[in-house]
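Remarks on the structure that follows.
The values are calculated or read from the model by the stated rules, or taken from the named source; none is laboratory data. Quantities reported herein were computed from a predicted structural model and do not represent experimental measurements. Ideal geometry is used to build each Cβ from the backbone, glycine not excepted, and the neighbour counts take in all protein chains shown. Accessible surface areas use protein heavy atoms only, side chains included; no ligands, DNA or RNA. Shrake-Rupley method; radii C 1.70, N 1.55, O 1.52, S 1.80 Å.
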Amino acid sequence: MNIKRRDFLPLAGAALVAGYAGFSSRKTRPSVVAGSSPVAVVKASSYADDLVSRMLEGIRQCKLDVRGRSVLLKPNLVEFDSATCINTNVAVIAAALEVFKTLGASQVVIGEGPGHRRDTYALAEMARYRTDISKFDAQFVDLNRDDVSAVKGFADRDEIYLPNSALRADLIVSLAKMKTHHWAGATLSMKNFFGLVPGSVYGWPKNELHHVGIDRSIVELNRIFHRSFAIVDGIVGMEGNGPIQGRPKPAGVLVMGGDLPAVDATCCRIMGIDPQKVEYLRTAAETLGIIDESRIEQRGEPIRTVRTNFELIKEFRNYRLA
């Protein structure tokens, strides 16, 4: 059943009606992940670099074909503080917009549903998305306020309501930020899908995901949104008390791939984090992708040449990669 945002107003605070046909999410991945996965690591020393060329290089190394497909670019737009680097840099989003149009996608839009701020457009203004991306508003959908449909099965819940713009996209590109996270250890391409959960249904800061459990919610969202590709903005990441109150940490890379657990595991290794100690990655490795380094086809820069240890808060210091 397709539900308009305004139709949720009478349901606020009440039990949601079960039994909607909605979208099914149960048969989305094979039960056993076999083979290997390519992940490209491309150097980019600053946001003034030719990011279009860098992205095209990584995408071609991963053999992604988007011709005739609708693409939703999902940045990490969370909060704003001019003293640090919380969000995906606008230069990365602008480059991705040009790249996927150049590669022949039938439609390319940007979509985000911030978990803290209710006024998504004001936040996009502060992050310079609206000023630095031509015709931004015409290419953007606020996923917090998009029309929604029911998807059957989410952890121990019977269903979850998700935005139609995301459900109908042929490909979701997670334009994540390379950051530490004070509860998950790291927040990368998979955790970025929290912004696909509509605040108009679940409120701010989307505590339903915390009630289910952060790590479990990450895995469930990636099971549902399995038609995905990742481009992680590690040009300047965040270390310490991320994802909001940490410090800028230059890493000088873009990390790309279609196996998001493999991408996140590679990012962790670049950050000096052992991916085997990150709970959501251990869980995802069972059904969604690969985190074993021996099964990741590393393309572009070797990890050893770009590794730069991110500072970790004391609760996660035992996550340090040897």
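In summary, Arg69 fulfils each of the numbered conditions (1) more than 20 Å from His226 (Cβ to Cβ); (2) surrounded by fewer than 23 Cβ atoms within 10 Å (Cβ to Cβ); (3) of a type in the set (Lys, Arg) with the single exception of condition (1). Here Ser134 fulfils each of the conditions (1) open to solvent by 70 Å² or more (accessible area, probe 1.4 Å); (2) under 20 Å from Ser70 (Cα atoms); (3) in a helix (DSSP H, G or I) apart from (3).
Table: residues versus (1) polar (S, T, N, Q); (2) not in a loop (DSSP other than H, G, I, E, B).
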site: Val236; (1), (2): no, yes
site: Ile244; (1), (2): no, no
site: Arg269; (1), (2): no, yes
site: Gln276; (1), (2): yes, yes
site: Arg282; (1), (2): no, yes
site: Glu286; (1), (2): no, yes
site: Glu297; (1), (2): no, yes
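Any residue at all in the range 80-91 that's buried (at least 21 other Cβ atoms within 10 Å of the Cβ) and either in contact with a helix residue (DSSP H, G or I) (Cβ under 7 Å, 6 or more places away or on another chain) or assigned to a helix (DSSP H, G or I) (or both)? No, there is no match, as no residue in the range 80-91 is buried (at least 21 other Cβ atoms within 10 Å of the Cβ) and either in contact with a helix residue (DSSP H, G or I) (Cβ under 7 Å, 6 or more places away or on another chain) or assigned to a helix (DSSP H, G or I) (or both).
Taking every residue in the range 169-185 that is farther than 25 Å from Phe316 by Cα and pairing it with any residue that is of a type in the set (D, E, K, R) and open to solvent by less than 10 Å² (accessible area, probe 1.4 Å), at least 6 positions away or on another chain, the pairs with Cβ-Cβ distances below 9 Å are Ile172/Lys74; Val173/Lys74. Of everything in the range 260-285 that is touching a residue at least 60 places away in the same chain (Cβ under 8 Å) and among the acidic types (Asp, Glu), the residue that is surrounded by the most Cβ atoms within 10 Å (Cβ to Cβ) is Asp264.
Of the residues contained in the range 233-240, none is found to be out of contact with any Phe, Trp or Tyr (no Cβ under 9 Å at 6 or more places or on another chain) and over 26 Å from Lys63 (Cβ atoms). Checking the stated criteria, Arg317 turns out to be open to solvent by 50 Å² or more (accessible area, probe 1.4 Å), more than 16 Å from Lys177 (Cβ to Cβ) and not acidic (Asp, Glu). When the test is whether a residue is in a strand (DSSP E or B) and surrounded by 22 or more Cβ atoms within 10 Å (Cβ to Cβ), Asp158 does not pass it.
For the range 186-219, taking the residues that are of a type in the set (S, T, N, Q) and either modelled with pLDDT of 95 or more or crowded, with 20+ Cβ neighbours inside 10 Å (or both), the one that is nearest to Arg317 (Cα to Cα) is identified as Thr187. Pro250 meets the conditions (1) more than 20 Å from Thr84 (Cα to Cα); (2) assigned to a strand (DSSP E or B) in every case but one. The failed one is (1).
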